[in-house]
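The values are calculated or read from the model by the stated rules, or taken from the named source; none is laboratory data. Not measured: the values here are computed from a predicted model. Methodologically, a virtual Cβ is constructed for each residue, glycine included, from the backbone with ideal geometry; neighbour enumeration extends over all protein chains shown. Only protein heavy atoms, including side chains, enter the accessible area calculation; ligands, DNA and RNA are left aside. Shrake-Rupley method; radii C 1.70, N 1.55, O 1.52, S 1.80 Å.
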Amino acid sequence: MGKRKKSVVRLFAATALLFAVSAYRQLSMRYLPEDALRSYLVWVVYMLLLFGWQYTISTKITQKTMRSHLTAQNIVSILYLTVRFVQDAFLYVNIPWMRFTGYFINIAAIFIPLFGLYVAFYLGKADDYRISEKWYLLLIPACLLSVLALTNDLHHFFYYIMPEESQPNLYFHPYIGTYIVYIWGLSIISYQVYVIYRRNGTAKSDSLYRKLIPFYEPILLLLFSIPYATTAYVVRFELVEYSAGLIFILVLCWQIYILVGLIPVNTQYEEVFRRSTVAMQILLPSGETIAASENAAEITPAMLEALKQEQRFFATEDITMHLHPVLGGYMVWQTDLSQINHALRELQRLNAKLEEEQDLLAQEIHIQSDEASVQARNDIYDSLSSEVSGQLTLLTELLSKESLSENDWNRICLIGTYIKRFCNLRLTYQEQQTIPMGDLAISLQDMAKCMKNLGIMTSLDFCPTLNLEPELILLIMKTLEGILEKADFRLSSVVIQISDTVCFEITGTACEFVSHSLEDGYGLQAEKIQAGYRLLLLQEGEVV
């Protein structure tokens, strides 16, 4: 059984346990009102479930700050349910203390949504991300409202007392403070929904359940609260105790966010490492391997010392090892430039071969059959060399440097990948008079990988509804390379969208892009957006 299925099974088991203890609580209250075990057993199950959730937080959540806020939210839940246990087990005959401890529901209603909002800010963010400190100013009104709630008997700001009622009693008549807490909770949850919706990043192709993910929490809370609100929170039968049910819904939603990948967790690393194409390894300071890819090379003590000092080690001409310190050890991976070097050597071989064949053509011009064959091949090479001449020049300039930086190698990798993939597409077109859509997808994926190595955040959304014309496929590759070269490969992010239209969204460049005509009746429409441009590849006269 996969780890995701195991998580789902555990979630269903926790739900079943909660319903079972809730059923026991209801039956005991109705048929065994003197049952002294009821309060203790219910509280123990609640604690078991919440401490199980805390174990998930501590062992799965990778972001330290997110883990801290989820822990704080869980601590508030544990404390509140403990107060409820004390009320049921010891204070049911002590009206003054029952009334005072009842004020703690406001503490839970204030801090649980607030910590949930803080957690939502970290969804989809890197481990070193930190929210603006201004958001922590919300702790000031939260603490003030908490103090006012606990001292309500002095000012009756949260609940007022009817003069004709005997005192003390358990009738809470809500006043201004209570409604402020309602508004507080609704506002915090509403903004949390907005933050999660923005982080979720749903697309048209996503299923309905994923598009509704940000709204799960308010929808479930609303549906669960309707029976209580319609009966003024006085009910004879509860499927799940109201306070425990609200907390369970919050935990359930966070578990769903983990299952769908909104929260990064430290699971399934074995499969990630096994399939890694960059030969990842995690080592202890002693050099002992914790996890490694199936194609990872053995790290010798001498190699490890060199990596610690220089952060990189040139294992061969084509393989470079890299090291990055992590908590309790080192992360090692390798960069494979063999394909790029092979492509460069192949280009050199082809150039030499072309020169040789040109000499042969001059000597054997009288043999018409050989002349036609060689000339056709010569035309293909000339055509390819002409179409990628600019990129070959860039490669020559980079390779002529006395010393090459990592950024230079990444540029060489990107340019070489473009040359290789564009030439393959052009040769496929010449041989088959068509280009399979899969070849374009693979070419763009290879380009995207190389762009990420340059530090460009790259996203590829490849979902064309129809087969694209071969000329348009070649023009897509040319346009992407042209955009990168114009920006001198200095971009923050590139979003490539291939659907009904071809769109490139770029950010982080000072270059100015304007609309202009391209070949084969196409044009590039440039639109300024925040921090960059949206570039649409359209037929002449077409406007989007």
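Overview of values
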read-out	value
Check on residue 110, open to solvent by less than 60 Å² (accessible area, probe 1.4 Å), closer than 27 Å to residue 20 by Cβ and in contact with a helix residue (DSSP H, G or I) (Cβ under 6 Å, 6 or more places away or on another chain)	no
Single condition residue 456 does not satisfy, out of (1) at pLDDT below 90; (2) of a type in the set (A, V, I, L, M); (3) surrounded by 14 or more Cβ atoms within 10 Å (Cβ to Cβ)	(1)
Any hit, the range 440-452, residues being in contact with a helix residue (DSSP H, G or I) (Cβ under 9 Å, 6 or more places away or on another chain), open to solvent by less than 60 Å² (accessible area, probe 1.4 Å), closer than 19 Å to residue 387 by Cα and among the small types (Gly, Ala, Ser)	yes
Conditions (1) closer than 26 Å to residue 409 by Cα; (2) open to solvent by 60 Å² or more (accessible area, probe 1.4 Å); number of the one not met by residue 514	(1)
Only listed residue being among the acidic types (Asp, Glu) and either under 27 Å from the mean Cα position of the chain (by Cα) or over 13 Å from residue 415 (Cα atoms) (or both), chosen from 485, 505	505
Unmet criterion (only one of (1) in contact with a strand residue (DSSP E or B) (Cβ under 9 Å, 6 or more places away or on another chain); (2) under 24 Å from residue 520 (Cβ atoms); (3) in contact (Cβ under 8 Å) with a residue 24 or more places away in the chain) for residue 456	(2)
Of residues in the range 153-168 being open to solvent by 60 Å² or more (accessible area, probe 1.4 Å) and charged (D, E, K, R), the one farthest from residue 107 (Cα to Cα)	164
Candidates 80, 46, filtered to the one that is in contact (Cβ under 8 Å) with a residue 60 or more places away in the chain and either open to solvent by less than 20 Å² (accessible area, probe 1.4 Å) or small (Gly, Ala, Ser) (or both)	46
Selection count where residues are assigned to a helix (DSSP H, G or I) and either on the phi > 0 side of the Ramachandran plot or open to solvent by 20 Å² or more (accessible area, probe 1.4 Å) (or both), scope the range 114-137	6
Any helices (runs of 4 or more DSSP H) falling wholly within the range 265-376 and containing at least 1 residues that are modelled with pLDDT of 75 or more and open to solvent by 60 Å² or more (accessible area, probe 1.4 Å)	301-310, 338-363
Members of the range 169-199 found to be open to solvent by less than 60 Å² (accessible area, probe 1.4 Å), assigned to a helix (DSSP H, G or I) and under 20 Å from residue 146 (Cβ atoms), listed by number	177, 178, 181, 184, 185, 188, 189, 192
Selected residue (criterion: farthest from residue 239 (Cα to Cα)) from residues of the range 33-42 that are open to solvent by less than 90 Å² (accessible area, probe 1.4 Å) and of a type in the set (A, V, I, L, M, F, W, C)	36
Qualifying residue in the range 460-468 (condition: closer than 22 Å to residue 338 by Cβ, open to solvent by 20 Å² or more (accessible area, probe 1.4 Å) and not aliphatic (A, V, I, L, M))	no
Tally of residues being small (Gly, Ala, Ser) and under 21 Å from residue 73 (Cα atoms) across the range 8-52	2
Criterion (farther than 30 Å from residue 422 by Cα and not aromatic (Phe, Trp, Tyr)) met by exactly one of 354, 323	323
Flag if residue 222 is under 28 Å from residue 172 (Cβ atoms), in a loop (DSSP other than H, G, I, E, B) and modelled with pLDDT of 80 or more	no
Counted residues, the range 253-264 - those being among the hydrophobic types (A, V, I, L, M, F, W, C) and either over 26 Å from the mean Cα position of the chain (by Cα) or modelled with pLDDT under 80 (or both)	3
Enumeration of residues in the range 1-32 that are under 13 Å from residue 53 (Cα atoms) and open to solvent by 90 Å² or more (accessible area, probe 1.4 Å)	10
Out of 417, 393, sole residue that is farther than 23 Å from residue 319 by Cα and at pLDDT 85 or above	393
Of all residues in the range 15-43 being in contact (Cβ under 8 Å) with a residue 60 or more places away in the chain and aliphatic (A, V, I, L, M), the one that is nearest to residue 93 (Cα to Cα)	42
